[in-house]
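Novice: My questions all concern the structure below.
The values are calculated or read from the model by the stated rules, or taken from the named source; none is laboratory data. As the structure is a prediction and not an experimental result, all values here were calculated from the model. Cβ sites come from the backbone with ideal geometry, for glycine too, and all protein chains shown count toward neighbours. Areas reflect the complete protein model, heavy atoms only, side chains present, ligands, DNA and RNA absent. Shrake-Rupley method; radii C 1.70, N 1.55, O 1.52, S 1.80 Å.
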Amino acid sequence: MSSVREKSESRRFPMMPIRDVVIFPHMMTPFVVGRESSVRALEEAFMGDKKIFLATQHDASVNDPRPEDIYQVGTIATIVQHVRMPDGNIKVLVEGVERGKIISVSDEEGYFRAVVRTYPSKTEAGPILESLTTRVNSLFEQYVKLSQNVNYETMIAAIRVEDPGKLADTVGANLQLTIEEKQELLEIFDPVDRLTRVADMLDIEIEKLNVDRTIQGRVKRQMEKAQKEYYLNEKIKAIQKELGRGEKSEYDELRKRVEAAGMSPDAKDKAMAELRRLEQMPPMSAESTVSRNYLDWMLAVPWKKKSKEIRDLRFAEQVLNSDHYGLEKIKERILEFLAVRRLVKNPKGSILCFVGPPGVGKTSLGMSIAKATGRQFVRLSLGGVRDEAEIRGHRRTYIGALPGQILQMMKKAGARNPVFMLDEIDKMSTDFRGDPSAALLEVLDPEQNFMFMDHYLDVEYDLSEVFFIATANVLHTIPPALQDRMEVIRLSGYTELEKMEIAKRFLVPKQMKATGMEEEFLQFEDEGLLALVQSYTREAGVRNLEREIGNVCRKVARLMVNAQSEAEAKIEEGAEAPKEAFAQVVVGEPKVGELLGPARFRDLMADKRPEVGAANGLAWTEVGGQLLTTEATIMDGRGRLTTTGKLGDVMQESAQAAMSFVRSRASMLGLPKDFYRHLDIHIHVPEGAIPKDGPSAGITIATTISSALTKIAVRRDVAMTGEITLRGKVLPIGGVKEKLLAAHRHGIFEAILPRENEKDLADVPENIRKEMKLHFVQSMDEVLQIALAEDLAVHVSKAEAQQAVEAPLVDAQAPPAGEKRAH
């Protein structure tokens, strides 16, 4: 047996590095090309004889390989087919032709071009070669029979070749080898040596497959042994039962618990069927664990147990008043609910939604309602929940499946009529796993929730007696269908007087207890609390106020401990003990500044001097109302209107409408008709980093532009809000209560509102209505009359008189006789 190597020759080909695959000669292989350099090499091959040199990378993770990162031996291949895919990649089918070794590599025009040397060889037939070929065929047939990854008929047909080199390549390409082992095989140029190496590899692979089969057989025998043990255990149980030695089984206990649970008929039937299945299963099987967990959950959920309700309206009113100050509407609604419960035997559960800024007491109010009604209280936070299975649970087919949070919370409550708080319902999101807000539609619908279906339990569960309370900061993120199922009750921000009452009744005692302070050491005066409210917090709720009160308490606690330490030190030194180690700290307005430093919020009274081109608007935010200063400035230009301050589309359109209104009223404002042709107007609404949108700034923008053009200052002690039309009409807006609270909080006691919003004053606290002067307007002319510091008619007449004085006297001299004046 011998191989005759023919004369080698060198040729130049486009070269493409390939990853995680070795291409053998005579093999058809498809793969996808995506790298830019590889695509260029392919395109170069398309333009030529469709020959390309394919060499495997050492490291598949390298995206931009260098020549030294590529094996030196590869395969010259012919491109049989290619398809360009929509994402820009190219799917190609190549057929290996022959081996080649890289002599040199150059990088031309963004791709590799290699000089490749081939080594053709012929094999002379002989008995040794014939014996080797027969051995490889036999071994490969054994390998195919043992392996489950290849088709027997296809592989046997593929190796029916006479050329030993082609046989070695065909077998090597179809073995489950590593990239390094296949590359080693590719680098053997001599056909006989390559066939010998393939025979050795086949021996190793067959041995591996035999070991795998042995292990599988052992596992099967162990499983049969476990089944045999289960059968014998069951026989022993039956024998003991016949002999009268059997004790009460676990299954009998479960059956009694199911009978006593008070389930609905369908649920009871399903639980009994599952119990019968459990009895037939091997105790150690995985399926028995699933069934047992299911039965445990069925028994853990309350089916008939209820909390005894307190229906005493006086007691409920006392509880609500002792826990919360203000919030009269909500307290009335709760008392109405309790009154109905006394008159109706089985009323449906209520579904409320508290909407308001952070810190106004939405969550704590739910706890007070549970306390007032004598029910259990459970809370489920929905912030960030984006999986529908969180509400309805997973089906039992999944490993580790559990019921949804609704039933888990019902189990926690231990009664079928708890107060169930769905906190932050406006902060749910959606992804590919489903929409949890859609799953809540069934939970929060009194016509459907008496037959709520959880995916895990897969039986109807009655939620109709649950008192659901949802909380949210905003409504616009809650789907309309879900809003429709809830009774929305709005909680607005607190006034300064309400905050002071809340601080005196709740926050100061709570923080003093938390910091170990007593009244003999620390006392808060009303002036001190007012200073905290006005100068150190500016919020709709009271969370920051509580933090600042806690801050004061901690600082006084430190002063007290230092004083006590100094007194103890003096006693140790033999000095006489001071009569009073620490004098009571009275927190008034000066003491607040001493303890907390400079005021964080200044009173805007200092900025209430009239200004040209600046007006106070009012805005609604998720955390309550806010004062919004609007500025306008005039520059030489060509009539361009610029808006800045991160304004939304609706607000920019309001600015355009305001500008169009001002242009239509040019004569009334004492402006030339074409004034805008030579001016640019820039409108800015600080703060620039905060997004703003909505139509309610329309009259504010129009007032600002009018002031900037007429040079009449705008009163800064007046705030305004309202939508403007092109004809100057003032349309109604929302959030009146929050906006007036914001104006009052900033020390502004005069406001301009649309006439149609007069009906909304019923929601505004009485002390705010008394302290503030409110103007209700229908047109922009009324707004300008109130907001501008100077009367517009007087200003226009002055401007016209000034223009008449400055006008050139064209007609001062009559034209000569017979001469006509040019027109």
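Novice: Suppose we filter the stretch 423-444 for residues that are crowded, with 16+ Cβ neighbours inside 10 Å and of a type in the set (Lys, Arg); how many remain?
Specialist: Qualifying residue count, the stretch 423-444: 1.
Novice: Here is a follow-up. Between a residue in the stretch 553-575 that is under 20 Å from LYS510 (Cα atoms) and any residue that is at pLDDT 85 or above and part of a helix (DSSP H, G or I), which pairs come within a Cβ distance under 7 Å, given they are 6 or more apart or on different chains?
Specialist: Between residues of the stretch 553-575 that are under 20 Å from LYS510 (Cα atoms) and residues that are at pLDDT 85 or above and part of a helix (DSSP H, G or I), the close pairs are CYS553/GLN511; CYS553/MET512; LYS555/LEU595.
Novice: Determine which member of the set GLU496, GLU501, GLU548 is more than 30 Å from GLY734 (Cβ to Cβ) and acidic (Asp, Glu).
Specialist: Exactly one residue qualifies, and that residue is GLU548.
Novice: Could you check, for the stretch 700-713, whether at least one of its residues is open to solvent by 50 Å² or more (accessible area, probe 1.4 Å) and part of a loop (DSSP other than H, G, I, E, B)?
Specialist: Yes, because at least one residue in the stretch 700-713 is open to solvent by 50 Å² or more (accessible area, probe 1.4 Å) and part of a loop (DSSP other than H, G, I, E, B).
Novice: Does LEU93 satisfy the condition of being crowded, with 19+ Cβ neighbours inside 10 Å and within 30 Å of THR133 (Cβ to Cβ)?
Specialist: Details: crowded, with 19+ Cβ neighbours inside 10 Å: no; within 30 Å of THR133 (Cβ to Cβ): yes.
Judged against the criteria, LEU93 is not a match.
Novice: Here's something else I'd like to know. Among the residues of the stretch 383-423, count how many are at pLDDT 90 or above and over 24 Å from ALA261 (Cα atoms).
Specialist: So the answer is 3.
Novice: Filter the stretch 330-361 down to the residues that are among the polar types (S, T, N, Q) and either in a helix (DSSP H, G or I) or in contact with a helix residue (DSSP H, G or I) (Cβ under 7 Å, 6 or more places away or on another chain) (or both) and list them by number.
Specialist: SER350
Novice: State whether one or more residues within the stretch 162-178 are at pLDDT below 75 and either part of a helix (DSSP H, G or I) or loosely packed, with under 14 Cβ neighbours inside 10 Å (or both).
Specialist: yes
Novice: Go through (1) more than 41 Å from the chain's Cα centre (by Cα); (2) assigned to a strand (DSSP E or B) and name the single condition PHE31 misses.
Specialist: Condition not satisfied by PHE31: (1).
Novice: So which residues in the stretch 763-786 are in a helix (DSSP H, G or I), open to solvent by 20 Å² or more (accessible area, probe 1.4 Å) and closer than 21 Å to THR621 by Cα?
Specialist: ASP763 - this is the single residue of the stretch 763-786 that is in a helix (DSSP H, G or I), open to solvent by 20 Å² or more (accessible area, probe 1.4 Å) and closer than 21 Å to THR621 by Cα.
Novice: Could you give me the residue pairs with C-beta distances under 6 Å whose first residue belongs to the stretch 104-127 and is over 16 Å from PRO17 (Cβ atoms) and open to solvent by 50 Å² or more (accessible area, probe 1.4 Å), whose second residue is among the hydrophobic types (A, V, I, L, M, F, W, C) and not in a strand (DSSP E or B) wherever it lies, and which are 6+ apart or on separate chains?
Specialist: Matching pairs, first to second residue: TYR119/PHE189.
Novice: Is it the case that some residue within the stretch 296-317 is under 30 Å from GLY541 (Cβ atoms), among the β-branched types (Val, Ile, Thr), modelled with pLDDT under 85 and touching a strand residue (DSSP E or B) at 6+ places or on another chain (Cβ under 7 Å)?
Specialist: no
Novice: Here are some conditions: (1) among the charged types (D, E, K, R); (2) assigned to a helix (DSSP H, G or I); (3) at pLDDT below 80; (4) over 30 Å from VAL144 (Cβ atoms). LYS220 meets all but one. Which one does it not meet?
Specialist: Among (1) among the charged types (D, E, K, R); (2) assigned to a helix (DSSP H, G or I); (3) at pLDDT below 80; (4) over 30 Å from VAL144 (Cβ atoms), LYS220 violates only (4).
Rundown of residues vs (1) free of Cβ contacts under 8 Å to residues at least 60 places away in the same chain; (2) not hydrophobic (A, V, I, L, M, F, W, C), yes/no style:
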{"position": "ARG396", "(1), (2)": "no, yes"}
{"position": "GLY400", "(1), (2)": "yes, yes"}
{"position": "THR430", "(1), (2)": "yes, yes"}
{"position": "ALA439", "(1), (2)": "yes, no"}
{"position": "PHE452", "(1), (2)": "yes, no"}
{"position": "PHE468", "(1), (2)": "no, no"}
{"position": "VAL474", "(1), (2)": "no, no"}
{"position": "THR477", "(1), (2)": "yes, yes"}
{"position": "ASP484", "(1), (2)": "yes, yes"}
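Novice: Same structure, new question: Starting from the stretch 206-219, take each residue that is within 16 Å of LEU177 (Cα to Cα) and list its partners that are open to solvent by 70 Å² or more (accessible area, probe 1.4 Å), counting only C-beta distances under 6 angstrom and pairs at least six apart or across chains.
Specialist: ILE206/GLN142
Novice: Can we say ASP680 is more than 21 Å from MET780 (Cα to Cα), of a type in the set (D, E, K, R) and either open to solvent by less than 10 Å² (accessible area, probe 1.4 Å) or not in a helix (DSSP H, G or I) (or both)?
Specialist: yes
Novice: Still on this structure: Considering (1) out of contact with any Leu (no Cβ under 6 Å at 6 or more places or on another chain); (2) open to solvent by 10 Å² or more (accessible area, probe 1.4 Å), say which one GLU487 fails and leave the rest.
Specialist: In the conditions (1) out of contact with any Leu (no Cβ under 6 Å at 6 or more places or on another chain); (2) open to solvent by 10 Å² or more (accessible area, probe 1.4 Å), GLU487 misses (1) alone.
Novice: State which residue pairs qualify: first residue farther than 14 Å from GLN176 by Cα and inside the stretch 136-153, second residue among the aliphatic types (A, V, I, L, M) and modelled with pLDDT under 75 in any location, beta carbons under 7 Å apart, and separation of 6 or more residues or different chains.
Specialist: ASN137/ILE159; GLU141/ILE156; TYR152/VAL144
Novice: Which one of GLU68, GLU98, GLU43 is within 17 Å of VAL116 (Cα to Cα), without any contact (Cβ under 8 Å) to a residue 12 or more places away in the chain and either charged (D, E, K, R) or touching an Asp or Glu at 6+ places or on another chain (Cβ under 6 Å) (or both)? Break it down stepwise before answering.
Specialist: On the way: GLU98 fails: without any contact (Cβ under 8 Å) to a residue 12 or more places away in the chain; GLU43 fails: within 17 Å of VAL116 (Cα to Cα).
One residue alone meets the criteria, GLU68.
Novice: Can I ask one more? Would you tally the residues in the stretch 454-475 being among the β-branched types (Val, Ile, Thr) and either more than 19 Å from GLU390 (Cβ to Cβ) or surrounded by fewer than 18 Cβ atoms within 10 Å (Cβ to Cβ) (or both)? Give the derivation first.
Specialist: Kept after step one, since they are among the β-branched types (Val, Ile, Thr), are these residues of the stretch 454-475: 459, 466, 469, 471, 474.
Pick out the ones that are also either more than 19 Å from GLU390 (Cβ to Cβ) or surrounded by fewer than 18 Cβ atoms within 10 Å (Cβ to Cβ) (or both) and you get 459, 474.
Count: 2.
Novice: Search the stretch 707-730 for residues that are farther than 13 Å from SER654 by Cβ and pair each with any residue that is hydroxyl-bearing (Ser, Thr, Tyr) and open to solvent by 10 Å² or more (accessible area, probe 1.4 Å) when their beta-carbon atoms are under 6 Å apart and the residues are at least 6 apart or on different chains.
Specialist: GLY728/SER779
Novice: Then there is this: Inside the stretch 336-354, can you point out the residues that are within 12 Å of ILE369 (Cβ to Cβ) and either β-branched (Val, Ile, Thr) or under 37 Å from the mean Cα position of the chain (by Cα) (or both)?
Specialist: If the condition is that a residue be within 12 Å of ILE369 (Cβ to Cβ) and either β-branched (Val, Ile, Thr) or under 37 Å from the mean Cα position of the chain (by Cα) (or both), then PHE337, SER350, LEU352, PHE354 are the ones that fit.
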